[in-house]
Amino acid sequence: MSSINENISSIKKDIVDVCKASGREPRDITIVTVTKTIDLDSINKALECGLNTCGENKVQELIDKYEQLDKSIKWHMIGHLQTNKVKYIIDKVELIHSLDSIRLAKEIDKRAKNIDKIMDVLVQVNIGEEDSKYGININSIEDFLVQLKDLKNLRVQGLMAIAPYVEDPEEVRSLFRQMKNEYDELKSIKAQNINMNYLSMGMTNDYKVAIEEGSNLIRIGTGIFGNRNYH
Ligand SMILES: *Cc1c(COP(=O)(O)O)cnc(C)c1O
């Protein structure tokens, strides 16, 4: 079994190689260290390697880790967020990747306003149109964004997608490309609370293809920590 340290070095090297081959800058790619189910010692090892952005998909786990780990960590909520749980994380997270309904947007805006914060969010796109996944249909994103325009404590910073799991990541290249096209088109929208800066796509299995297609936020768990152990 290779160590966390070696795994991270190898991912960083891949990022450099893929960027070089596709004319991109490695410094433009941020790794979100996905820490779900991972113990504190292992997470601390990843932090020592310079990764300070962590992602969790469950509210309770995020809160527990927020309290126990170094306060310099930037926490990202990457999983489906229930409206009634927004209040527990609003002061703890830097970015919510999983905005998937107007109701959730309104709640985030309200809770952010209460603490005088502008909450950065990404709109989750159900790119594979899978019933099992949350997210807005790619053809409906503009309509969705129009409905957010009066929410002054919410700032849309980009899009996020979880591609369908496939053995060969080449199979999802065209989906990533669609995401990038949509992201580029949305850049022309002039609204005070929309600022397309992040395209969150790519996980352990498909991050190289995702970077080639324009991702700048990759979410990696297994590739850093090995297989998760769900109890
Ligand atoms: C678990 C998870 C990841 C990381 O997946 P790996 O395949 O372990 O890299 C990325 N994004 C989301 C939303 C996740 O829930």
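Just a few scattered comments:
- The lone exception for Ala210 - which of (1) assigned to a helix (DSSP H, G or I); (2) open to solvent by 20 Å² or more (accessible area, probe 1.4 Å); (3) closer than 16 Å to Val34 by Cβ it fails: (2)
- Residue match in region 2-15 (condition: in a helix (DSSP H, G or I) and closer than 22 Å to Asp120 by Cβ): no
- Count of residues meeting criterion [without any contact (Cβ under 8 Å) to a residue 40 or more places away in the chain, surrounded by 18 or more Cβ atoms within 10 Å (Cβ to Cβ) and of a type in the set (A, V, I, L, M, F, W, C)] in region 48-70: 3
- Condition check for Ile136: modelled with pLDDT of 95 or more, among the β-branched types (Val, Ile, Thr) and touching a Cys at 6+ places or on another chain (Cβ under 9 Å): no
- Selection of region 106-125 for residues being closer than 19 Å to Gln192 by Cα and open to solvent by less than 10 Å² (accessible area, probe 1.4 Å) yields Ile108, Ala112, Met119, Val121, Leu122, Val123.
- Residue in region 195-206 that is surrounded by fewer than 23 Cβ atoms within 10 Å (Cβ to Cβ) and more than 17 Å from the chain's Cα centre (by Cα) present: no
- Of the numbered criteria (1) surrounded by fewer than 19 Cβ atoms within 10 Å (Cβ to Cβ); (2) closer than 19 Å to Ile78 by Cβ, the one Gly221 fails is (1).
- For region 164-192, a residue qualifies if it is of a type in the set (A, V, I, L, M) and either open to solvent by 80 Å² or more (accessible area, probe 1.4 Å) or more than 22 Å from Leu154 (Cα to Cα) (or both), and the qualifying residues are Val166, Val172, Leu175.
- Criterion: closer than 19 Å to Leu217 by Cα and touching a residue at least 40 places away in the same chain (Cβ under 8 Å) - qualifying residue of Ile96, Ile162: Ile162
- Selection of region 16-42 for residues being without any contact (Cβ under 8 Å) to a residue 40 or more places away in the chain, over 19 Å from Ser200 (Cα atoms) and in a helix (DSSP H, G or I) yields Asp17, Lys20, Leu40, Asp41.
- Those residues of region 89-105 which are of a type in the set (Gly, Ala, Ser) and open to solvent by less than 20 Å² (accessible area, probe 1.4 Å), in sequence order: Ser98, Ala105
- Meets criteria (more than 11 Å from the ligand (Cβ to nearest atom), buried (at least 16 other Cβ atoms within 10 Å of the Cβ) and modelled with pLDDT of 95 or more) for Ile78: no
The values are calculated or read from the model by the stated rules, or taken from the named source; none is laboratory data. Treat the numbers as computed from the prediction; the structure is a model and nothing was measured. Virtual Cβ from ideal backbone geometry, glycine too; neighbours counted across all protein chains shown. Note: accessible area is taken over every heavy atom of the protein model, side chains too, but ligands, DNA and RNA are not part of it. Shrake-Rupley method; radii C 1.70, N 1.55, O 1.52, S 1.80 Å.
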